[in-house]
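Accompanying notes for the structure given below.
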Amino acid sequence: MGEMTPMMQQYTAIKRKYMDCLLFFRMGDFYEMFGKDAEIASRELEIALTSRNKGGGKKIPMAGVPCHSADTYIAQLVKKGYRVAICEQLEDPSEAKGLVRRDVVRVITPGTVLDNMTLEDDKNNYLGAAVLYQERVGFAYVDISTGEFAVTELEWEEGKVIDELSRVQPAEVILSSELKNNPRIYTFLVDQLGVVVNSLKENFHFKQAYQLLIDHFRTNSLHGFGCEKQKAGIMAAGAIMEFLNETQKRNLTHINYLKTYSTQEYMVLDAATRRNLELTATIRDGKRRGSLLGVLDRTVTAMGGRKLKQWIHQPLLDLKMIEERLDAVDEFINHLYELENLREILKNVYDIERLLGKIVYGSANARDLAALKSSLIHLPQIKELLKNFTSSRLKSLESQLDLLSDITELIETAIVDDPPTGLKDGGLIKKGFNEELDQLREAAANGKDWIALLEHKERERTGIKSLKVGFNKVFGYYLEVTKANLDMVPDDYIRKQTLANSERFITPELKEKESQILGAEEKSVALEYELFVEVRNQVAKEVKRIQQSADVLAELDVLASLAKVAIENNYCRPTVDLEDEILIIKGRHPVVEEMLDEPFVPNDTYLNGDTARFSIITGPNMSGKSTYMRQVALIVLMAQIGSFVPAEKAKIGLVDRIFTRVGASDDLTTGQSTFMVEMNEVANIIHHATRKSLIILDEVGRGTSTYDGLSIAWAVIEYIHNRERIGARTLFATHYHELTVLEDYLEGVRNYNVAVEENDEEGVVFRHEIVPGAADQSYGIEVARLAGLPQEILKRAKEILNHLETENDHSLVESKKEVAASKEVVLEEHSDKAITEERKEERNVIKPELRQPEQISLFAMEEHPVIKKLKDLDIMNVTPLDAINILYQLKKEAEGK
Ligand SMILES: Nc1ncnc2c1ncn2[C@@H]1O[C@H](COP(=O)(O)OP(=O)(O)OP(=O)(O)O)[C@@H](O)[C@H]1O
């Protein structure tokens, strides 16, 4: 698409996030806005409509359709399984509104996204704000469905802003201009997260933000809110209030308290790591099945499900809190009967947080109140059950659990057990709740009884056997007599209506009763509504207490879920401490072990901050390197959310962050190449990792040519290994067997490989077993065989390989001579064979230099042009990104010559 206006960018982001197709109804605008692209889009729409499958397997981006036939287009698209969004701002698609069903057709405008969001159950409903103020960035988030409002602030740093926003992933965000104009932040939010971005009003100032907040909370100062010192945080919270005012969402007053939180409590997981570890969705299809959440989620309430997701995204850094959770899970495991009992009770609990949102928002109906009651009535039972437990977290949850019996009682006495959804037709309030209402109802009922008797009485009086009493909305009650009996009609009957075969009459007495009945009914319905709203408001006033109990239930649900999974999947309780070791005996990958048909092969892991801080793992493709490394990261993460882990034994030295760089795929959304994505991720790690971090690097450098790739991988290892730089515990899988030589020169490096078995019957068999030492072959051809490549190709490949290997040895000798002549060491292309004598000699040349880690040398080759250049640039400050730029420049220069 060509240049898009900010509004169009927002529309596109909304569509990407929620819908398959975006329809515009003013063709002229659409064409004007998109020019040639509009024609392409319209053609795609046509193809989608005429193809047999859903869009021929393709998403249609957006299209303009004539307003008068909007209904037809929408109906056709929906029938084909598309979810359609309609842009309201361009034209009121009133014709289309009749078709709006929240799951498949939605009317959207950037300003009304919030309304639509609240409809979705499993979507993130956060509206966020990030504001740069006095060198700090304030963040505020409000959960539209529950009213939870949270504030924090950090010092200004581009990466931190991205991390924080990606942690929460708001659906819509307000940014101050400096942040919005930052291309990395903006592109990340819009393209990668599909967030709708709004601008904070220029010259929005602190006093304004403060005032908006104290107005909202009806107080004189923010003292006691916990955020009084966080000026940037207040700016962000004020920005949210301002936005809600501007977009007339002020009625979202169920924001009734504000909570500050510190990002120090939680481990920040960057977006790449969350994706790479498939924490809550798989990379392949974005589904939750196949993710860690998919394995751990046995929650039985919606609130528990949401909390577990939050926990997975926010592993803890506080040892005490981790221990408390582990104790609670442990206790549940040892009280199986109570555990099952609790889960059974929780199954009856509705989504109290959502109900509460509706109650305070004023959109809850009587059924919602009934649902709240039927959830709250279980609280005493749960509290009783918790008395069996002694662990500190469960005790604390027990004491926090407010029984809310006043609220249950209020709803119980006021609202009927199975109320209708409508509020205007009565039938909501129980008998005995209000005297006036009872009297009105009695009056109406008496009148009805009188009418029921009337038919019988009038038949006797007139002798007309077929006389009937009826009611219609126009004339009210009437007496109906067939034409054949008209001569028997008495004089006091007043004719009201003539039908084909009968006539309808009224009498003054009937009319009097009628007005009594209707009057009483009308009044009672109105009174019922009034009473209902009163009850709802009364419940709304107790939102804080209800919210607190809801939170307790959610946490109990999560802890019970973790216990249930631990039992079923045979997990062990990890020891978490502040040492720098990670020891895992017979660890398994929690997701892969569930997906596999065959038994999963467990593996041990040992890392410490000292002599075994860096594992270089070599092994053939498909042997299990990635699985192994992710398994270590997941076990650490699980331990730090307070879960048991898939291992026989695990001792985890607390990790401040987990970084991953895995897999290689082009990021189609940003148009970045595989290599660029890879380097960005590596740069992020280099800039943020500390000695307490855990780093997982898979095939760094693979995305570019061998020389560049190997050089970068090597430099990255040196840098991370160096304790003055980072010194983090790291797992590094690579195809560059050359790198295994580093074990001899870098104190903390240990080589591992994935065991391969060769036997005559099956050929090469991967045992998925991690063993010490370096792999000696890459078995590329064997993998090709396993993948089913024809024998003929495999045979020929082997011939070529043998040939190349001989050539390579020869060329090495040659190059060695050249090196000697030019005093320049050239690294040979990666060879599948064991390292040659020449290489070993070469290494001896490198060796002394490498022993001085403080000197971050690429290859310690003084004369190498790369080194020269790096030295010119002050070698200590070179990041891999700089390195790749320099290498690229050199290559260009060389080509130029
Ligand atoms: N410990 C294990 N036990 C059983 N099967 C395993 C184990 N580890 C891996 N596998 C199986 O092997 C497959 C390949 O594993 P993985 O992707 O980790 O290999 P890899 O060495 O990283 O491959 P590549 O280098 O091509 O990325 C997995 O999909 C899984 O089916």
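This table checks each residue for (1) open to solvent by 40 Å² or more (accessible area, probe 1.4 Å); (2) under 23 Å from residue 630 (Cβ atoms).
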{"residue": "712", "(1), (2)": "no, yes"}
{"residue": "722", "(1), (2)": "no, no"}
{"residue": "734", "(1), (2)": "no, yes"}
{"residue": "753", "(1), (2)": "no, yes"}
{"residue": "762", "(1), (2)": "yes, no"}
{"residue": "768", "(1), (2)": "yes, yes"}
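The set of residues in region 379-416 that are within 33 Å of the chain's Cα centre (by Cα), of a type in the set (D, E, K, R) and open to solvent by 70 Å² or more (accessible area, probe 1.4 Å) contains only 395.
Can you tell which of 473, 483 is surrounded by fewer than 17 Cβ atoms within 10 Å (Cβ to Cβ) and modelled with pLDDT under 90?
Details: 483 fails: modelled with pLDDT under 90.
When all the criteria are applied, what remains is 473.
For region 571-596, which positions are more than 16 Å from the ligand (Cβ to nearest atom), in a strand (DSSP E or B) and open to solvent by 70 Å² or more (accessible area, probe 1.4 Å)? Of everything in region 571-596, just one residue is more than 16 Å from the ligand (Cβ to nearest atom), in a strand (DSSP E or B) and open to solvent by 70 Å² or more (accessible area, probe 1.4 Å), namely 575.
In region 143-166, what residues are open to solvent by less than 20 Å² (accessible area, probe 1.4 Å) and outside any strand (DSSP E or B)?
To start, the set of residues in region 143-166 that are open to solvent by less than 20 Å² (accessible area, probe 1.4 Å) comprises 143-147, 149-152, 159, 161-166.
Selection gives 144, 145, 146, 147, 159, 161, 162, 163, 164, 165, 166.
Of the residues in region 702-719, at least one is within 16 Å of the ligand (Cβ to nearest atom) and part of a loop (DSSP other than H, G, I, E, B).
The set of residues from region 417-453 being touching a helix residue (DSSP H, G or I) at 6+ places or on another chain (Cβ under 7 Å), open to solvent by less than 50 Å² (accessible area, probe 1.4 Å) and under 30 Å from residue 508 (Cβ atoms) comprises 426, 437, 440, 443, 444, 447, 451. What are the residues in region 597-616 that are over 13 Å from residue 652 (Cα atoms), hydroxyl-bearing (Ser, Thr, Tyr) and either outside any loop (DSSP other than H, G, I, E, B) or near the ligand (Cβ under 9 Å from one of its atoms) (or both), if any? Across region 597-616, the qualifying residue is only 615. Take residue 413 and decide whether it is under 23 Å from residue 525 (Cα atoms), touching a residue at least 40 places away in the same chain (Cβ under 8 Å) and not hydrophobic (A, V, I, L, M, F, W, C). It is false that residue 413 is under 23 Å from residue 525 (Cα atoms), touching a residue at least 40 places away in the same chain (Cβ under 8 Å) and not hydrophobic (A, V, I, L, M, F, W, C).
Among the residues of region 494-541, the one identified as buried (at least 17 other Cβ atoms within 10 Å of the Cβ) and in a loop (DSSP other than H, G, I, E, B) is 507.
Within region 731-776, being within 25 Å of residue 652 (Cβ to Cβ), in contact (Cβ under 8 Å) with a residue 24 or more places away in the chain and more than 16 Å from the ligand (Cβ to nearest atom) holds for 743, 746, 747, 748, 749, 750.
Which residues, counting only those in region 167-197, are of a type in the set (Asp, Glu) and open to solvent by less than 10 Å² (accessible area, probe 1.4 Å)?
So in region 167-197, the residues of a type in the set (Asp, Glu) come out as 172, 178, 191.
Scanning region 167-197 gives a single hit, 172.
Across region 620-631, which residue is surrounded by the most Cβ atoms within 10 Å (Cβ to Cβ) among those that are more than 12 Å from residue 698 (Cβ to Cβ) and more than 6 Å from the ligand (Cβ to nearest atom)? Checking each candidate, the answer is 631. If I filter region 623-636 for residues that are of a type outside the set (Asp, Glu), assigned to a loop (DSSP other than H, G, I, E, B) and out of contact with any Asp or Glu (no Cβ under 6 Å at 6 or more places or on another chain), do I get at least one hit? Yes, there is a match, as at least one residue in region 623-636 is of a type outside the set (Asp, Glu), assigned to a loop (DSSP other than H, G, I, E, B) and out of contact with any Asp or Glu (no Cβ under 6 Å at 6 or more places or on another chain). Among the candidates 284, 343, 298, the residue that is open to solvent by 10 Å² or more (accessible area, probe 1.4 Å), modelled with pLDDT of 85 or more and under 22 Å from the mean Cα position of the chain (by Cα) is uniquely 298. Within region 455-465, is there a residue that is assigned to a loop (DSSP other than H, G, I, E, B) and either in contact (Cβ under 8 Å) with a residue 60 or more places away in the chain or open to solvent by 60 Å² or more (accessible area, probe 1.4 Å) (or both)? Yes, region 455-465 contains a residue that is assigned to a loop (DSSP other than H, G, I, E, B) and either in contact (Cβ under 8 Å) with a residue 60 or more places away in the chain or open to solvent by 60 Å² or more (accessible area, probe 1.4 Å) (or both). Residue 496 fulfils the conditions (1) modelled with pLDDT of 90 or more; (2) more than 21 Å from residue 453 (Cα to Cα) except for a single criterion, (1). Within region 175-197, identify whether any single residue is in a strand (DSSP E or B), within 14 Å of residue 137 (Cα to Cα) and at pLDDT 90 or above, and answer yes or no. So far as region 175-197 goes, yes, one or more of its residues are in a strand (DSSP E or B), within 14 Å of residue 137 (Cα to Cα) and at pLDDT 90 or above. Under the condition of being surrounded by fewer than 19 Cβ atoms within 10 Å (Cβ to Cβ) and in contact (Cβ under 8 Å) with a residue 40 or more places away in the chain, the residues counted in region 301-322 number 4.
The values are calculated or read from the model by the stated rules, or taken from the named source; none is laboratory data. This one's a predicted model, so the numbers in the text were calculated from it and none came from an experiment. Cβ sites come from the backbone with ideal geometry, for glycine too, and all protein chains shown count toward neighbours. Ligands, DNA and RNA are excluded from the accessible area calculation, which covers all protein heavy atoms including side chains. Shrake-Rupley method; radii C 1.70, N 1.55, O 1.52, S 1.80 Å.
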